[in-house]
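The structure appears right after this line, and notes come after that.
The values are calculated or read from the model by the stated rules, or taken from the named source; none is laboratory data. Quick caveat, the model's predicted, so the values are computed rather than measured. No Cβ is skipped: glycine too gets one built from the backbone with ideal geometry, and neighbour counts run over all protein chains shown. Calculation scope for accessible area: heavy atoms of the full protein, side chains included, ligands and nucleic acids excluded. Shrake-Rupley method; radii C 1.70, N 1.55, O 1.52, S 1.80 Å.
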Amino acid sequence: MTSNLMRYLPLSVLPLMLSCGVASEETAPAAVMTTQAQALATGTPASTGVLAFLNSRSTTLAVLDFEVPLNALTAQAIIADRNGPDGIEFTADDRHYVSIDQVDAIPQVGPAALATLEGYVRATGRVEMPLDEQVGVFHGVAFNLAEARRVVAAANTVSQAALQSTVGLSANQAQAIVAARRIDHIVELSRLAFMNGAALQALKNHVALAPDGDPCTGPATCQAGLSCEGRAFGGPIAYGRCRSNLPIPGDSDSCSVMRPCQTGLVCSGSESGSPEGICRPAWMAGTFTNYSDLALPGSTVQLVSVVGVVGLATVPEDITVVLDLLHSSSSNLVLTLEDPGGETALLWNGPTEGRPPSRIPVTRGIPRDGTINGKWKLHISNPAGVGSGTLREWSVKLTSRWD
């Protein structure tokens, strides 16, 4: 995931305690929460990961039954359905899953099984997600993606002696880790012999200081030479990003389509209508997406969808909204964008402007000295109450600068 394309995906409300296969309803401070149905809507990273996992022939009955783990009857039902009516693998009637609805229709599969599958593919690295999104809770210890990566890296590289003397693990725990190398993901680590919550917490503490680009929660949570920037205004997103403020050659140079910035920089300001922009560090730009799958009924009730933005500088320069919206009468819709400070911009007035485009640069309403990190809200109104549809997803693409 590059620094100028960071997708913000809300968590499911059902993260898993995968180390023991028990569902948990713990929430994560880094996320604006959504429903499991939304997280697994067709086309979302979570649904794509689950479908790819179930379609893979390496996903055997044993993997579903013991590794995920699902109920034995559920695992058998999935494999039988995938093998088709003849019950034989690798024949013409085998099923290829293209939607979660197909999986949900299998006998023995229900919300609990889908939540377990979602949690497993998250925690084993099969889902694209932001670094500060929670991948799971293991032996009572919660890990976001960045923390899980750092802990797995430490488990694979720290010597057995240092695992005991520096990290604080027991001899049995250190020996089990070294014997298991290469460890591929946090689920595998959590299931090693002698592993428990105290050991996972010790590993997490050992790699607590975050490197450049990783999530941070305050000035003492980044490695030396880095500062914690872009913590969200107004919550509930608790994380910023560790950033280096060392000068980059070409920073603050003018730029345009014909004169791009040097490596490590982005051209900021050009998407707001100016023929020229200013080169900024690449981390000062990002695209943040909500896979909302929000139903838009034929009603005059205003609906709101939220995207969380973290890790940018202090104020916006370019603001662009990208919509994936299906509606039978979209020219009736009125779309408004609200920034974290409560400032609003009329994105599109369907009754006077017609059908909204998929990409809308914001050049009016929201000031360029307002707040950028925090909750951005898309308000959708249908004053006439005519037509219905779905907001499948939307993104806010931002560049930023220091105030």
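General remarks:
- For region 158-270, the relative contact order comes to 14 percent (Cα pairs under 8 Å, sequence separation of at least 6).
- Ellipsoid semi-axes in whole angstrom, largest first, where each is sqrt(5λ) of the Cα gyration tensor of region 47-116: 17, 13, 12
- Within straight-line reach of residue 204, meaning a Cα separation under 12 Å, sit the following aspartates and glutamates at least 8 residues removed in sequence or on another chain: 147.
- Volume in Å³ per residue [convex hull over Cα atoms, computed for region 111-251]: 149
- When the Cα gyration tensor is reduced to axis lengths a ≥ b ≥ c, the ratio a/c is 1.5 or higher for region 227-341, and with a/b not above b/c it is classed as oblate.
- Its Cα gyration tensor gives the chain an equivalent ellipsoid; the semi-axes, largest first and in whole Å, are 38, 31, 17.
- Cut-off under 5 Å, modelled amide H: who pairs with residue 266 long-range: 280, 282
- When you restrict to C-alpha pairs under 8 Å that are six or more residues apart and normalise by the size of the chain, the relative contact order lands at 16 percent.
- Share of carbon and sulfur in the accessible heavy-atom surface of region 183-333 [1.4 Å probe, %]: 57
- Placing 346, 265, 73 in order of accessible area, with the largest value first and a 1.4 Å probe, yields 73, 346, 265.
- Averaging over all projection directions, the Cα-based convex hull of region 190-271 occupies 9.0 nm² in the image plane.
- For region 306-368, the Kirkwood radius over C-alpha pairs fed into Stokes-Einstein at 37 °C and 0.692 mPa s yields D = 255 µm² per second.
- Taking amide H as placed 1.01 Å from N in the peptide plane, residue 329 has its amide H under 5 Å from the amide H of 388, each at least 5 places away in sequence or on another chain.
- Take region 208-284 with all the other protein chains still there, run a 1.4 Å probe, and you get 51 Å² of accessible area per residue.
- Residues with amide H under 5 Å from that of residue 216, placed H, sequence gap 5 or more: 240, 241, 242
- Simple Cβ-charge dipole of region 136-216, Lys/Arg +1 and Asp/Glu -1, about Cα centre, in debye nearest 20: 160
- In summary, the lysines within cross-link reach of residue 397, defined as a Cα separation below 29 angstrom excluding same-chain residues under 8 places away, comprise 375, 377.
- Normalised by residue count, region 39-159 yields a Cα convex hull volume of 123 Å³ per residue.
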